[in-house]
């Protein structure tokens with residue numbers, strides 16, 4: 001499974017939703033508002049992630065213990081980032097040989113991002129601050145829809161739960177095993 005394309009109807013990613021999912025790329029919903037605690041923990045093959053400006057909450061360790069992640073793209077304006085609720089150490093536990101490129105929209109945004117995000121990065125995380133826009137995504141012939149992705153990931157890692165709440169979709173994950181015993 002190379003790429004997951006999340007439909008724009010998804011507004012929230014729940015607790016450990018993509019834990020250990022073997023995908024290399026996830027295209028998040030343009031209407032995504034929240035990313036839960038440990039949402040992408042142990043996604044060892046995920047190489048980059050583009051966080052839309054609509055996200056206003058990121059849970060603790062949302063992006064943690066990831067071997068291949070090298071690029072995180074942020075899209076908030078200077079005013080928007082000040083209203084984003086970040087739990088301490090959203091970005092934690094990357095492998096010591098890895099430097100994470102934090103991409104911000106413009107050079108003018110760089111200091112605001114550094115000031116705000118540095119409080120939420122673990123001390124052992126090496127960060128390289130880059131100001132640029134994400135490259136245009138390369139079209140893929142066979143993106144996996146979120147429903148197929150959940151089926152595939154559930155076979156590989158556990159049981160997926162989908163809740164439809166007041167016209168928005170929340171993706172959640174329930175793992176029958178203890179997560180830490182892997």
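All of the numbers you see were taken from the coordinates with simple rules; none came from a lab. Since the structure is predicted, the reported quantities are computational estimates derived from the model, not experimental observations. Note: ideal-geometry Cβ built from the backbone for every residue, glycine included; neighbour counts use all protein chains shown.
Tabulated values for the structure
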{"quantity": "Label-point gap, in nm, between residue 79 and residue 9 - each point 7 angstrom along Cα→Cβ", "calculated": "3.3 nm"}
{"quantity": "Residue exposure sequence - 11, 70 - by fewest surrounding Cβ within 10 Å", "calculated": "70, 11"}
{"quantity": "Tail beyond 16 Å, pair distance distribution of region 27-83 (Cα, percent)", "calculated": "44 percent"}
{"quantity": "Translational D in µm²/s for region 3-131 (Stokes-Einstein at 37 °C, 0.692 mPa s, Kirkwood Rh from C-alpha pairs)", "calculated": "228 µm²/s"}
